[in-house]
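Have a look at the structure below, then the notes.
The values are calculated or read from the model by the stated rules, or taken from the named source; none is laboratory data. Here the structure is a predicted model, which is why all the values come from computation and not from measurement. With ideal geometry, Cβ positions are generated from the backbone for all residues, glycine too; neighbour counts draw on all protein chains shown.
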Protein chains: 2
Amino acid sequence: MPNAQLVYEQLLTAFKEIALLQSCQTILGWDQRTYMPAKGVGLRSRQMALLAGMLHAKITAPDIGSRLNTLKASDLASGANPESAANIRELAYSYDKLVKLPREWVEEFTRIKAMAQTVWVEARKTNDFALFLPHLKTIIDFKRQYADMIGYDDDPYDALLDDFEPGATYKEIGQVFAAFRDELVALAAQIAASTVRPDGSILTRDYPVEVQEKFGKEAAAAIGFDFDGGRLDQTTHPFCSTLGPGDVRITTRFYPRFFPAAFFGIIHESGHGIYNQGLPEEHYGTPLGSSVSLGIHESQSRMWENMVGRSRTAWRHFFPRAKAYFPQALTGVSEDDFYFAINEVKPSLIRVEADEVTYNLHIILRFELEHALAVGQLKAEEVPAAWNEKFRALLGISPSTDTEGCLQDIHWSGGMIGYFPTYALGNLYAAQLFAQAGSEIPGLEAGFSEGNFAPLRQWLTEKIYRLGKRYRAAELVKVVTGKPLSHEPLIRYLRGKFGRLYRL
Amino acid sequence: MPNAQLVYEQLLTAFKEIALLQSCQTILGWDQRTYMPAKGVGLRSRQMALLAGMLHAKITAPDIGSRLNTLKASDLASGANPESAANIRELAYSYDKLVKLPREWVEEFTRIKAMAQTVWVEARKTNDFALFLPHLKTIIDFKRQYADMIGYDDDPYDALLDDFEPGATYKEIGQVFAAFRDELVALAAQIAASTVRPDGSILTRDYPVEVQEKFGKEAAAAIGFDFDGGRLDQTTHPFCSTLGPGDVRITTRFYPRFFPAAFFGIIHESGHGIYNQGLPEEHYGTPLGSSVSLGIHESQSRMWENMVGRSRTAWRHFFPRAKAYFPQALTGVSEDDFYFAINEVKPSLIRVEADEVTYNLHIILRFELEHALAVGQLKAEEVPAAWNEKFRALLGISPSTDTEGCLQDIHWSGGMIGYFPTYALGNLYAAQLFAQAGSEIPGLEAGFSEGNFAPLRQWLTEKIYRLGKRYRAAELVKVVTGKPLSHEPLIRYLRGKFGRLYRL
C-alpha cells in the first residue's frame, strides 16, 4: 500500500491546481457580466468551453479516483484526523458523483439547458408558457434521469437537492418548511390587517447613483468587506464572484430613484464576500478552504443584509450618514420613518423584490412545486395553474400573467431544480446562527448602533469561515448552536421585529 | 507519409486551442493592470504561472514538432500554397526557437528578470545605478547565452532583435538608422534655432477627466475603433490588450491639467486596436490571423497618433469639437495655435514624453547602446557615461541623474534587449506606408478635415490587416509600397510638417 500521506499531498496538489484553473473560469465569467464588449461573446463561449473540458478531464482523471480509493481506506479518512477526513470525504463525494454521469449525457444536457434558457428569455418576454413547456419537460426528464444515475435513498428530489445543499433531504427540509409555512402565513395575515403603514415614498426619491455608490461602499467596508482584497462593480443581475484568496468581487445595480435595491444588494453581496474573504487561505483549492453549501452561503448574505443591515440599531449608525449623503431626499425624514420604510412587508408577485417575511413563502411555493415535478406528482403543463393557486393560498394574491408568475425565475430553465430551498434555508440558518451570536457576544446589537460590526464578523469567522467544509450544513448548525435546524429562531425574529413595527 | 492536409488541420486545431488558452492569460493580464484588487497579486501570479506552464507544454509538445516536420517537406509549404506556406513557416520558426532553450534555463531567466525588475524600480526611484548594475550584467550575460543557443549569421544582436522584429538584422536596420540619424540631428538643430515657438501653456489648463474621456472615445470611434468589439479603461502604463476576435481593449491615463497625454494616448492605442480588430477572424490562433511584428504594430499606432491624429487636417475636424468640450480651456485659442501646441518639438530627457522628431533620436541612442552591450563592445558599468555622452551628441542636452537617463525604461530589466528599435521602425514603416496610402487614395488628407477616416482604415485593412503574418515586415513594406524600407519618407514627412510649423 502506498504511503497515504504522500498520496494525500499529491491529491491536494492536483486539486489546488484545479482550483487555479477554475479561478480562470471565474474571472472570465465576472468579466462577461461586467465589462466584456458585446462582440466578445463568441470568443468568450469558446474560452469557457475549453476550460470546462480541461477541468472535466482533470477532475475525473483515473489517478484521482485511485488516490481517493487508497485514502478512503487509510487512517487519514478516520475520525482521528478530522481535517484530512473532511477533505477526503468531500473530494470522494464529488468525484463519485461526477463519474456516474456519462460524458455524452452531460454534453447533451448542457446543450438542452443552453437552448432552454434562450427560449425561457423569449417566453418570459412574451408571456408564453406554451413556448417554454417542451423545454421544461425535457429538463425535468433529464433531472429525473440524473437522480436515477446518482442514486438516492428515499426521494429522487434528494439527489437534486444534494447538488446545492449536500446531505440535505426532502424529508428533513420539508418538515421544517411545513411548520414554518403556517406560522408565516399567519404572520403575513396579521401584518396585512395592521392599520400601521410605512411611507414607502421616502425610498423613491432622487438618490444620485455616484452618492449611492460611495455610501454603499462605505457601508460594505463598515461591516467588514475588505476592498484591498475585493471590488464593487456594476452589472445587470448582481452576484459575488470569488477568484480566490485576496480577490473577491461583488456587483450591484443602481436605480437613481430607488434607494434600497443597490444599498441592500451591496450589503447582501458583501455578506457572501465576507464569508469568502474569511475562508482559510492555506486550504485554498480543497474542501477545507471552501464554503459549506449554498444555504450556509446565503445565511451569510441574508444575515448581513437583513438581521444587521435592516436592523434598528444599525440605522442609528447609518441614518445620520444617509442624511449627509442625501440631504434632499431625506429632509424631514425621521430615523424611525426611514427604518420602517426599508422594512415594509407587502405580498408581491416577484420573488427578488419580496420583503423578509413573504420571501420565504415564495421559496416554499417553489420547493413544493419542484418536488412534485421531480417525483412525477405534477406535470409540467400543470405548472401555471398550480403556481397561481398556491400563490393565492400562501400570499393572498396571484399573478395575472405567467411572466409575473411561473416564468419569473431563471433557475428551472438552467436545470437548477433543487436550488430554491437554499434561499429559505439561508434565512433559517441565519436566524439560528444570529441568535446564537447574540447569546455569546455581549452587547452585540448595541455595538451596531456605534458602527461596531467587527465582533459579529470575528465570531462568524471563527465559528464558520475558518472551518471551510469541515462539517456539512446540518451538522455545522448543530455544532455552532447546539441544536438541530429549526424554524423557531427565524419566526421568533420575524414576529419580534415586525410585531414592533406593525404594532401587532 | 501521412496525409499532409489532415496533419495541417490537426496542427491548426492545436494552435487555435493554444490561442484560446493564451487569451485567458491575456484577460488575467488586462485585469491585473486595470481592476484587480491589491491583495489579488499572489493568486494572480499563481494563475499566470499555471497557464504559462500549460502553454509551454502544449506549444513544445513533440507531436507539434513531428507534424511541422511532415508539413515542411510537403507541398503545403511550397510557394504554390502561399497561405499554408506562411502558417507553416511561422509556426516552425517559433517552434524551432523554443525547443532550443533548456527548460531550466528559461525558468532561471524568468526568476532573474523578475528580481531585476524589482531592483530596477528601486534603483530608478533612488537614482542608484550601482544597485541595478549586477542585475543588468546578468541579464546581458543571459541574452548573450540566448543568442548563442538560438544561433545567428552575422551578429549576436540579430538573435535578440528577431524576437521582436522577426527577420530583421542589425546590418539592415543599422544602415537605415545611420542615414536617418544625421538628418534628424540636423532637423532638430534647425528647429531649435527657429525663432517661432508655440504656446504650450494652452495644453496645461483645466481639462476635466470625464470630458477628456468622452472626447477621446469619440475620436477613437471616429478613426474606426469599434467599441462594440472593444473597450477603453484606465491604467497607469497604457497598453492595448487583444483577447481575440470581438474583444480588443485599450487603456489610457488621464491628467486633469494636461490634454495631450490621454487624447493622443487613446489614438495611439486605438491604432494598435484597429489593427487587431482588422485581423481575419477565420484565421484566429494561426499566424495568418496574427500581426506581423512589433514594428508593423507600432507603425499603426504611430500613424494614427501622429500622421493622422496630429495632422493639420484632422484638427479642422476635431478642433471645433474640442472647443465645445473644453470651452474654458480653449477660449480665445485659434485652431492654428492649438495645432502648433500639440506639435511642439523640444529636446527632452524622457523618451515617452518626446515629440515626433526627437523621439527617434531617443531610440537610436538605445539601439546603439544595446547593440554594443550585446556584442561585448560596451560594459554594463559604462552605460551611464555612454548614455549621457551620446545623449548630448544627439539631443544637445544630457541628464543630470540616471533616473532621468539610463534608468528610465523598464525594457532592459525585463530582458527586452532588441525591443527598442521597433519603436523607430514603427515610425519609419508608418511614414512609408502613409505616403503610399496618400498616393493611392484620392483626397486622403482632405477627408480627415471632414472626419472621414474610413478610406485610410479600409486601405490598411486590405493591404496589411487582412494578410496577418503572410509576409515578414521588410517584405510587406516592399509588397505594399514597391520599395524597400527607407528613412526618406519619414524624414520628408518631418521636414515638410515641421518646416511649415517652424518656418524653416
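Any chance region B:16-36 includes a residue that's modelled with pLDDT of 95 or more and either away from chain A (no Cβ under 14 Å) or more than 30 Å from A:Arg249 (Cα to Cα) (or both)?
The answer is yes; a qualifying residue exists.
If I ask for residues that are within 20 Å of A:Phe498 (Cα to Cα) and in a loop (DSSP other than H, G, I, E, B), which ones from region A:342-382 would you list?
A:Ile342, A:Asn343, A:Glu344, A:Val345, A:Lys346, A:Pro347, A:Ser348, A:Ala354, A:Asp355, A:Glu356, A:Val357, A:Thr358
Is it fair to say B:Thr422 is within 30 Å of B:Pro384 (Cβ to Cβ) and in contact with a Gly (Cβ under 6 Å, 6 or more places away or on another chain)?
In short, yes.
Being assigned to a helix (DSSP H, G or I) and closer than 16 Å to A:Leu160 by Cα is the filter here, so list the residues in region A:383-415 that pass it.
Step one: filter region A:383-415 for residues assigned to a helix (DSSP H, G or I), giving A:383-395, A:412-414.
Hits for region A:383-415 are A:Trp412, A:Ser413, A:Gly414.
Is it the case, given these coordinates, that A:Tyr170 is free of Cβ contacts under 8 Å to residues at least 24 places away in the same chain and under 30 Å from A:Tyr93 (Cα atoms)?
no
How do the pairs read when you match residues in region A:307-318 that are buried (at least 19 other Cβ atoms within 10 Å of the Cβ) with residues anywhere that are aromatic (Phe, Trp, Tyr) and outside any helix (DSSP H, G or I), using Cβ under 7 Å and keeping only pairs 6 or more apart or on different chains?
Taking only residues 6 or more apart or on different chains, the pairs are A:Val308/A:Phe453.
Among the residues of region B:270-283, write down those that are part of a loop (DSSP other than H, G, I, E, B) and free of Cβ contacts under 8 Å to residues at least 12 places away in the same chain.
none
Can you find even one residue in region A:459-480 that is touching a Lys or Arg at 6+ places or on another chain (Cβ under 7 Å) and touching a residue at least 12 places away in the same chain (Cβ under 8 Å)?
For region A:459-480, residues touching a Lys or Arg at 6+ places or on another chain (Cβ under 7 Å) and touching a residue at least 12 places away in the same chain (Cβ under 8 Å): present.
I'd like to check something: does region A:187-196 contain any residue that is assigned to a helix (DSSP H, G or I) and within 19 Å of the chain's Cα centre (by Cα)?
no
If I ask for residues that are surrounded by 24 or more Cβ atoms within 10 Å (Cβ to Cβ), among the aromatic types (Phe, Trp, Tyr) and either within 16 Å of the chain's Cα centre (by Cα) or in the same structural domain as A:Gly29 (by TED's automatic domain parsing) (or both), which ones from region A:245-304 would you list?
A:Tyr275, A:Trp304
Take the residues in region A:214-239 that are within 18 Å of B:Gly40 (Cβ to Cβ) and crowded, with 23+ Cβ neighbours inside 10 Å, then tell me which one is nearest to the other protein chains (Cβ to nearest Cβ).
The extreme case among them is A:Gly230.
Using the structure shown, decide if B:Val352 is modelled with pLDDT under 95 and closer than 21 Å to B:Ala123 by Cα.
Criteria met by B:Val352.
Select from region A:401-438 the residues that are of a type in the set (Ser, Thr, Tyr) and touching a Leu at 6+ places or on another chain (Cβ under 9 Å) and write down the one among them that is nearest to A:Ile464 (Cα to Cα).
A:Tyr429
Being of a type in the set (Gly, Ala, Ser), at the interface with chain B (Cβ under 10 Å from one of its Cβ atoms) and exposed (fewer than 15 other Cβ atoms within 10 Å of the Cβ) is the filter here; which residues of region A:37-67 pass it? If you could, list the steps in order and put the result at the bottom.
Taking region A:37-67 and keeping what is of a type in the set (Gly, Ala, Ser), we get A:38, A:40, A:42, A:45, A:49, A:52-53, A:57, A:61, A:65-66.
This time we only want the ones that are at the interface with chain B (Cβ under 10 Å from one of its Cβ atoms), so: A:38, A:40, A:42, A:49, A:53.
The answer is A:Ala38, A:Gly42, A:Ala49, A:Gly53.
Just checking, does region A:86-106 include any residue being touching a Pro at 6+ places or on another chain (Cβ under 7 Å), more than 14 Å from chain B (Cβ to nearest Cβ) and among the acidic types (Asp, Glu)?
The answer is yes, given that some residue of region A:86-106 is touching a Pro at 6+ places or on another chain (Cβ under 7 Å), more than 14 Å from chain B (Cβ to nearest Cβ) and among the acidic types (Asp, Glu).
From the list A:Gln5, A:Gln10, A:Gln25, which one is surrounded by fewer than 20 Cβ atoms within 10 Å (Cβ to Cβ), touching a residue at least 12 places away in the same chain (Cβ under 8 Å), in contact with a Lys or Arg (Cβ under 8 Å, 6 or more places away or on another chain) and among the polar types (S, T, N, Q)?
None of the other options fit; the residue is A:Gln10.
Within region B:240-269, which residues are more than 13 Å from chain A (Cβ to nearest Cβ), touching a residue at least 24 places away in the same chain (Cβ under 8 Å) and touching a strand residue (DSSP E or B) at 6+ places or on another chain (Cβ under 6 Å)?
Matches in region B:240-269: B:Cys240, B:Ala262, B:Gly265, B:Ile266, B:Glu269.
Residue-wise test of (1) more than 18 Å from A:His272 (Cβ to Cβ); (2) crowded, with 20+ Cβ neighbours inside 10 Å; (3) among the β-branched types (Val, Ile, Thr).
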| site | (1), (2), (3) |
| --- | --- |
| A:Asp409 | yes, no, no |
| A:Ser413 | yes, yes, no |
| A:Ser439 | yes, no, no |
| A:Arg466 | no, no, no |
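What number goes with the only condition from (1) loosely packed, with under 15 Cβ neighbours inside 10 Å; (2) aliphatic (A, V, I, L, M); (3) under 17 Å from A:Met303 (Cβ atoms) that A:Ala430 does not pass?
Every listed condition holds for A:Ala430 apart from (1).
Residues that are under 21 Å from B:Asp63 (Cβ atoms), at pLDDT below 95 and surrounded by fewer than 19 Cβ atoms within 10 Å (Cβ to Cβ): does region B:104-123 have at least one? Break it down into steps so the answer makes sense when it comes.
Just the residues of region B:104-123 that are under 21 Å from B:Asp63 (Cβ atoms), to begin with: B:106.
Keeping just the survivors that are at pLDDT below 95 gives B:106.
Remaining after also requiring surrounded by fewer than 19 Cβ atoms within 10 Å (Cβ to Cβ): B:106.
Checked region B:104-123: at least one residue is under 21 Å from B:Asp63 (Cβ atoms), at pLDDT below 95 and surrounded by fewer than 19 Cβ atoms within 10 Å (Cβ to Cβ).
Quick check on B:Lys72: is it more than 27 Å from the chain's Cα centre (by Cα), surrounded by fewer than 19 Cβ atoms within 10 Å (Cβ to Cβ), within 14 Å of chain A (Cβ to nearest Cβ) and more than 30 Å from A:Gly230 (Cα to Cα)? If you could, list the steps in order and put the result at the bottom.
Working: more than 27 Å from the chain's Cα centre (by Cα): yes; surrounded by fewer than 19 Cβ atoms within 10 Å (Cβ to Cβ): yes; within 14 Å of chain A (Cβ to nearest Cβ): no; more than 30 Å from A:Gly230 (Cα to Cα): yes.
No, not satisfied.
Which ones in region A:319-333 are of a type outside the set (D, E, K, R) and either touching a residue at least 12 places away in the same chain (Cβ under 8 Å) or touching a Ser or Thr at 6+ places or on another chain (Cβ under 8 Å) (or both)?
A:Phe319, A:Ala322, A:Tyr325, A:Phe326, A:Gln328, A:Ala329, A:Leu330, A:Val333
Please give the helices (runs of 4 or more DSSP H) falling wholly within region B:1-106 in which 1 or more residues are of a type in the set (Asp, Glu).
B:4-34, B:62-72, B:82-98
Among the numbered criteria (1) closer than 23 Å to A:Asp158 by Cβ; (2) in a helix (DSSP H, G or I), which single criterion is violated by A:Ala435?
Of the numbered conditions (1) closer than 23 Å to A:Asp158 by Cβ; (2) in a helix (DSSP H, G or I), the odd one out for A:Ala435 is (1).
Which pairs have Cβ atoms under 8 Å, sit 6 or more apart or on different chains, and link a residue in region A:95-108 that is farther than 14 Å from A:Ala52 by Cα to one that is outside any helix (DSSP H, G or I) and hydroxyl-bearing (Ser, Thr, Tyr)?
Listed by first residue and then by second, the contacts come to A:Tyr95/A:Thr60; A:Val99/A:Thr60.
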